[in-house]
Each structure stands twice: as structure tokens, then as C-alpha cells.
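Student: Below you will find the structure I want to go over with you.
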Amino acid sequence: MNKKKVVIYGAGFSGLCLAHFLLKRGIPVEVREKSGVCGGLLGSHTTEWGHTESAANGLLASDDLVELCEDIGIKFLKPLAVNKKRYIFRGHLMSFPVKLTEWPRLILFTLRYLLKSSAIRPKEFETLQEWAERNFSKSFAHGVILTGFQGIYGANTGQLSATLLMQSLFGKKKARRTELKGTLSFKGGMGELIQGLVHSIESQGGIIHLNSVNMTQDTGDVSVIATGLTAAKKLLESFDSPVAEEMKNLKCAGILSVTCFFKPTGREPRGFGCLLPSEYSFNSLGVLFNTDIFSHRSDYRSETYILPESYVDRPKEDVIENILADRSRFAPEAQLVGSKFYAWPDALPVYNKDLETFLRKDLLNHKSPYVVGNYLGEIGLSKILSRAKTLAAKIGESEF
Ligand SMILES: Cc1cc2nc3c(=O)[nH]c(=O)nc-3n(C[C@H](O)[C@H](O)[C@H](O)COP(=O)(O)OP(=O)(O)OC[C@H]3O[C@@H](n4cnc5c(N)ncnc54)[C@H](O)[C@@H]3O)c2cc1C
């Protein structure tokens, strides 16, 4: 008789991390990936102009990340000192984004936050816009708070759920052992992390099937859906899970990431990147200054522009024209030598009231098929990592 195992659908960061932590507990795993590669949204590529990332360029330091990287034997690449400077466009580039008239309410908010006042917490089903306007001046709410989230969650941040987005500000803080802070990556980029995970999984006896279209469920095995939201809805349906019906309203948004390489002029703004508020009619949501964030990226000046869903299907020349128009407003003219496009039509879950309503019902992860992914509360990789570790412990305790 075959030994009971965990079958994981999806070999993105969620699925690979889960496989790693299960194997660490001695639990056999089989990963079934629909596409021909591991990593899902994550991937690093070498172009003739330099390094590019298909989605995330790094992930936040955490104890779980330190543990993972020690386990799989890969070394961090710490960010460059200059990356500490961050900009926001408020008529001109500002590295400290507060205007004089915005100070009184910002100070009041800070005091209330330090005093742990419940008045500043998001209310049930309050949108980010309602929460921000309740706690800050309107100009700060729109120009800084809503803009701050647009590069992460895509456009129309006003309608997003304040409770879901503010979890890291108001949720329980875990005590940290690591002294590492901020965003970390690897010399070979996020692709090195994926390769490290794949190698570690396979060397511990885990099996990864690529191009896997065989969705037969083996009775007795435990199943975990580790895909994005759209695929998870379909898979839950194929498992005859009643939760699939409850997920019908949940939506994903597309996003376009374009890495552009310019001949450096020496006069560019230096730092992590810049947020580009929609109130100033930018096409892009924000830009990352890659060559200022991590070393080993390019001899050119590398910048990644994040654009909303409406740009995913636009002709490339048109998109580049829009990017250059945005850039001309905050950087000196420079020769564009090359670009690399990553279009994700269905990449990110929309963190709106529907998702908040669904998550409040707490319908998932009580039995197989379990789920892990970026629609369960947080979109970022460090949270996905900690969620995968917690789920591995739960499966280990309740199923084996
Ligand atoms: C442009 C962009 C920039 C980002 N930047 C950052 C950042 O800087 N920092 C950060 O922390 N996060 C960032 N994120 C978010 C982060 O990258 C994602 O949340 C994360 O990679 C999602 O990983 P996942 O494994 O849950 O899903 P995915 O990466 O979508 O992986 C799911 C996998 O499941 C597979 N699959 C689908 N259907 C099936 C099926 N039926 N059977 C089997 N397999 C299937 C897919 O092929 C895929 O490989 C960014 C995202 C984007 C789009």
C-alpha cells in the first residue's frame, strides 16, 4: 500500500514553502504544477541589459525566512544603503511626504497609535479610503495612504478593505530574533530562492510534477491547493467543496511590470523608488529603482514600472511611451536601451469587502483540501511563508 502523502497543487512560492516545511516534519509530499516551470509569479531572468524579476524583487526579513534560507543553504543579498530613501510625487519628488497642514492630524494619529486607542482601528467593512479620511487630512489620506497601497495592490485602492490591509499595523506583533530588517533578496534574485527550494525538496525525496494536468485525487491522501485565487476557485469546485460557491464573488486584478534599462546620466533620483499618485494623472502606479536596491543587477540604470490592469493588453510601444512620459516628470532624459515586460492578467486578489466577508466566515483549512496562497489575508511573500509554515504544522498534527 502507498504511504499517505500530501498532494500540493501549485509550485509557486506558497506550494514550494509548504512542501519544504512538510518534508522537514518527515511528511511525504508530491507537488503537481500545471505549467512547465516552478515559481509561479516569481522568476529571475538575465537579459542582454541585465537582471530582471517577473514579480517580487525581494521579501521582508523575518525569522521564518532566516530559517528557510539556512535549511536550503542559500545566502541573502542585503539591500544597498541608498535604497533607504523612498520618494512620493506630490507635485514634485518628496522623500519626506508630509505637508505642513497635514502635521496636526498625523501627530494626533501617532499619539493615539502609541496609546493603543481603539478609535483609530479599522471598523468592520470600512474601506481604506473611509479609514484614511477618518484618521488623516484628506490630502494626506489620498496623496500618501491610498497611494502607498496602489503599487502593491493595483489601482482603486480606495475600495479595498481597511481591516485586511491594516493587519500588519494593528495585528499582533511577533517577537523577532533576527536582526535583519527591510527587503532582502539573493545574488541570483528571487529565482535563486525558487531553485534552492526545488533542489531542497527533491533532495529530501519530495516529488515535483511539471505540466501536471492529472487532477485525480488519491483517496487517503491529503490535498492542498497552493495556486492563485482564480485557479483555487476552480480546484475547490473539482473537489466538490461547498466553499467554492462562497468564493464566486471574489475577484483578481491584473498588473503589468515593465523593467526598463537606461544609459545612466548620474543625475537620477537615488533610492528604493517612487510612488506616483493617480491624482497627478500618472500612467504608472509606481517605479522601483532596481540598481539602487540590490547590487549585481545591471550596468545600466534599471527601473521597474508597475502599471494597472488596463495596460496589460496594450501594445508595447504605447506602454513605453506612457512610461517615458511619466519618467520625464521626475528624472532627467536618458536613452532607453532595452525593456522586459511581464504581464499578469489575473495575478493579484482584490482585497475588498467581498474578500473580507469571505475571510470573516473562516470556511477554509478545517479539513482537506487545505489552501495556502496570497488571497488569505496578506499578499506579501513573508506572510505567505509564515502561513505555509503554520499550515505544515497543522497538517502534521491533524493528519499524520
Ligand atoms: C508585479 C508584482 C510584484 C510583486 N512584488 C512583491 C514584492 O516585492 N514583495 C512581496 O512580498 N510580494 C510581491 N508580490 C506578491 C507575490 O509575488 C505573490 O503574492 C506571490 O508570488 C504569490 O505566490 P503563490 O505561490 O501564492 O501564487 P503563484 O505565484 O500564482 O503560484 C501559483 C502556482 O500554481 C500553478 N497552478 C495554477 N493552477 C493550477 C492547477 N490547476 N494545478 C496545479 N498548479 C496550478 C501556477 O502555474 C503557479 O505556478 C508581487 C506580485 C506581483 C504580481
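Student: If eta is 1.567 mPa s and T is 4 °C, what Stokes-Einstein diffusion coefficient results for segment 100-170, Kirkwood Rh from Cα pairs, in µm²/s?
Tutor: Answer, rounded: 105 µm²/s.
Student: On to the next question. Given a cut-off of 27 Å, name the pairs among LYS34/LYS248; LYS3/LYS389; LYS172/LYS233 whose C-alpha atoms lie farther apart than that in the structure shown.
Tutor: LYS172/LYS233
Student: GNM on the chain, C-alpha springs below 10 Å: top fluctuator among LYS34, LYS187, LYS174?
Tutor: Of LYS34, LYS187, LYS174, the Gaussian network model singles out LYS174 as fluctuating most.
Student: Relative contact order of segment 100-170, please, whole-number percent, based on alpha carbon pairs below 8 angstrom and at least 6 residues apart.
Tutor: Once normalised by length, the contact order is 37 percent.
Student: Here's a follow-up. Run the paramagnetic zone check for THR46: 7 angstrom along Cα to Cβ, then residues of segment 175-194 with backbone nitrogen under 11 Å.
Tutor: 188
Student: Ok, one more. Consider just the alpha-carbon atoms of segment 180-304 and return their Rg together with their Dmax, both in angstrom.
Tutor: Final numbers for Rg and Dmax: 21.0, 63 Å.
Student: For Cα pairs less than 8 Å apart in space and 6+ apart in sequence, what is the mean separation divided by the residue count of the chain, i.e. the relative contact order in percent?
Tutor: 28
Student: Compute the whole-percent fraction of alpha carbon pairs in the chain spaced more than 40 Å apart. All intermediate terms of the calculation are to be shown ahead of the outcome.
Tutor: Working: 13287 of 79800 pairs.
When all Cα pairs of the chain are counted, 17 percent exceed 40 Å.
Student: Excluding SER139 itself, what net charge comes from residues whose Cβ is under 12 Å from its Cβ, given Lys and Arg +1 and Asp and Glu -1?
Tutor: So the environment of SER139 carries a net charge of +1.
Student: Let me ask you something else. Between THR390 and LYS263, what is the FRET efficiency for a Förster distance of 41 Å, r being their Cβ-Cβ separation, to the nearest 0.05?
Tutor: 0.30
Student: While we're on this one: With just the Cα atoms defining each centre, how far is segment 1-49 from segment 254-297? Give it in Å.
Tutor: Taking the Cα centre of each part, segment 1-49 and segment 254-297 sit 31 Å apart.
Student: Among ASN156, SER139, LEU184, whose Cα projects farthest towards the positive end of the dipole of segment 127-191, with charges put on the beta-carbon of Lys, Arg (+1) and Asp, Glu (-1)?
Tutor: The residue sitting farthest along the positive end of the dipole is LEU184.
Student: So, one more: Give, as a single signed number, the net charge of other residues whose beta carbon lies under 13 Å from the beta carbon of THR101, with Lys and Arg counted +1 and Asp and Glu -1.
Tutor: Within the 13 Å Cβ shell, the charges total +3.
Student: Taking the beta-carbon count within 10 Å as an exposure proxy, list THR52, THR46 from fewest neighbours to most.
Tutor: Sorted ascending by nearby Cβ count, the order is THR46, THR52.
Student: Continuing with the same structure: At VAL98 and ARG112, where each label point lies 7 Å from the Cα along Cα→Cβ, what is the point-to-point distance in nanometres?
Tutor: Result: 1.5 nm between the two label points.
Student: If you wrap a convex hull around the C-alpha atoms of segment 285-373 and split its volume per residue, what is the figure in Å³?
Tutor: Details: hull volume 15.2 nm³, N = 89.
Convex hull volume per residue, Cα atoms: 171 Å³.
Student: On to the next question. Rounding to the nearest 20 debye, state how big the charge dipole of segment 100-170 is about its Cα centre with +1 on each Lys and Arg Cβ and -1 on each Asp and Glu Cβ.
Tutor: 220
Student: What is the distance in Å between the Cα centroid of segment 381-400 and that of segment 111-164?
Tutor: 30
Student: Still on this model: Using a cut-off of 13 Å between beta-carbons, work out the net charge of the residues near LYS248 (Lys and Arg +1, Asp and Glu -1, LYS248 not included).
Tutor: -1
Student: Oh, and also: Which value in deg cm²/dmol, rounded to the nearest 500, describes the helix-derived mean residue ellipticity at 222 nm for the chain, given -39,500 (n - 2.57) per DSSP H run of n ≥ 4 and division by the residue count?
Tutor: Numbers: 14 runs with 128 residues, N = 400.
Helix-only estimate at 222 nm: -9000 deg cm²/dmol.
Student: So how many Å³ per residue does the convex hull of the Cα atoms of segment 20-135 work out to? Don't jump to the answer; show the numbers that get you there.
Tutor: On the way: hull volume 31.2 nm³, N = 116.
About 269 Å³ per residue, rounded to a whole number.
Student: Using the number of other C-beta atoms within 10 angstrom as an exposure proxy, rank TYR87, TYR351 with the fewest first.
Tutor: Least crowded to most crowded, the residues run TYR87, TYR351.
Student: Still on this structure, please answer the following. Listed here are the pairs LYS4/LYS24; LYS116/LYS173; LYS251/LYS316; which of them are more than 24 Å apart at the Cα? Numbers along the way, then the final one.
Tutor: Working: LYS4/LYS24 16 Å; LYS116/LYS173 13 Å; LYS251/LYS316 26 Å.
Over 24 Å Cα-Cα: LYS251/LYS316.
Student: Could you tell me what percent of the DSSP beta bridges with both partners in the chain are antiparallel, to the nearest 5?
Tutor: In the chain, DSSP labels about 70 percent of beta bridges as antiparallel.
Read the figures in this text as sums done on the coordinates, not as results from a lab. Quantities reported herein were computed from a predicted structural model and do not represent experimental measurements. Positions of Cβ are backbone-derived with ideal geometry, glycine not excepted, and every protein chain shown enters the neighbour counts.
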